[in-house]
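Everything on this sheet refers to the single structure shown next.
The values are calculated or read from the model by the stated rules, or taken from the named source; none is laboratory data. Fair warning: this is a prediction, and the values are worked out from it, not measured in the lab. Cβ sites come from the backbone with ideal geometry, for glycine too, and all protein chains shown count toward neighbours.
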């Protein structure tokens, strides 16, 4: 079989590229950084083991069995193995393709399939429907039901999945997308024009974080344009194996944001930033190459952007706080951004950064993984929070909504005192009143 061979036992639609699988040399550098291998010590649950499974399917030596499907979804897609791999093998991406294959060879039951299609193909692509879907949760909190459930311990009698979903829910406010001004002018000397990509989770779950993002961008001298027609970045679809919907959303977002003629496109969600930077790849041969290249060249995570343009620090007030920083997988491994968030943190007067052990290890959220693999997710989180506790820091800082939810839940569960903050929340505390 050659590198240009067909897909073997994979279905030809969205099959992993055989060439990418062949890059794995089985050197084992990935083993030391893989959270699922660390827990199971099982070769098939390591990056090189998963690559070997994919290769066997591609070479026709193995059918796409339920075991292959299960390993594809057990993978956190934290991308730590890609950072460690000397050959640049992207096992997480290979597993994303395998999740697409799972929908063909082992489709979910009819009810589960209908729910999956509704969420991925109808709800996530519609900001208005997403906002409506959060109304029951907001009402649950406004009526005091959440307080009663938690105070009386009723949540402990819920099934594990419902208990986690209830426990991970933060205090919700009105969605930001409908409230944020479409244009916010630069303050002081103007330095440029920025388009703000407002993520679904940030708008719905952490609206105050994105308010800070827009305010910081303006305070730093940039006009901020936030289009209300923005669509989901497609990250959940890539994670769940629905690449076609991800492509459709990508095409809409590219047209929308390139029409704004902004110097940069900035997001405060690491997962969104990672997906946006992959548009050029997932739309290869499906869209104009020059437009894809131009769009990719403008994408910046908020910390990446601030580190690149330089932070105006002359008006910042001291924030007397010690913090430790958890690196979101989609930022450190997906985008290769480890230094910029630290540069932003260190630029804040009065803040002491205390590095934690294994700061670039996954927290166990990984999209729906934290709900589907409750025990495994908890064990990964406990390892992370033990490292947080060892720093003795006053606060825990991160840069992704999924990590934020998981870490805040874990902190409450373990009775820890550190608040969980987004990088821009910490920077926002130092802005002039």
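List of remarks:
- All strands (runs of 3 or more DSSP E) inside segment 326-429 with 1 or more residues being more than 20 Å from the chain's Cα centre (by Cα): 351-353, 395-398
- Of all residues in segment 134-171 being surrounded by 14 or more Cβ atoms within 10 Å (Cβ to Cβ) and not in a helix (DSSP H, G or I), the one that is modelled with the lowest pLDDT: 158
- Every test in (1) over 25 Å from residue 271 (Cβ atoms); (2) modelled with pLDDT of 95 or more; (3) not in a helix (DSSP H, G or I) is passed by residue 78 save one, and that test is (1).
- Residue list for segment 41-72, restricted to those being surrounded by fewer than 15 Cβ atoms within 10 Å (Cβ to Cβ) and assigned to a helix (DSSP H, G or I): 43, 66, 67, 70
- Of all residues in segment 280-293, none are crowded, with 22+ Cβ neighbours inside 10 Å, out of contact with any strand residue (DSSP E or B) (no Cβ under 7 Å at 6 or more places or on another chain) and not in a loop (DSSP other than H, G, I, E, B).
- Of the candidates 125, 174, the single residue that is in a loop (DSSP other than H, G, I, E, B) and surrounded by fewer than 16 Cβ atoms within 10 Å (Cβ to Cβ) is 174.
- Residue check, residue 82 surrounded by fewer than 19 Cβ atoms within 10 Å (Cβ to Cβ), touching a residue at least 60 places away in the same chain (Cβ under 8 Å) and within 22 Å of residue 38 (Cβ to Cβ): no
- Within segment 365-376, residues that are without any contact (Cβ under 8 Å) to a residue 60 or more places away in the chain have Cβ atoms under 9 Å from residues that are surrounded by fewer than 16 Cβ atoms within 10 Å (Cβ to Cβ) in these pairs: 375/160, counting only partners at least 6 apart in sequence or on another chain.
- Selection status of residue 255, without any contact (Cβ under 8 Å) to a residue 60 or more places away in the chain and not in a helix (DSSP H, G or I): no
- So residue 223, is it surrounded by fewer than 23 Cβ atoms within 10 Å (Cβ to Cβ) and in contact with a strand residue (DSSP E or B) (Cβ under 9 Å, 6 or more places away or on another chain): yes
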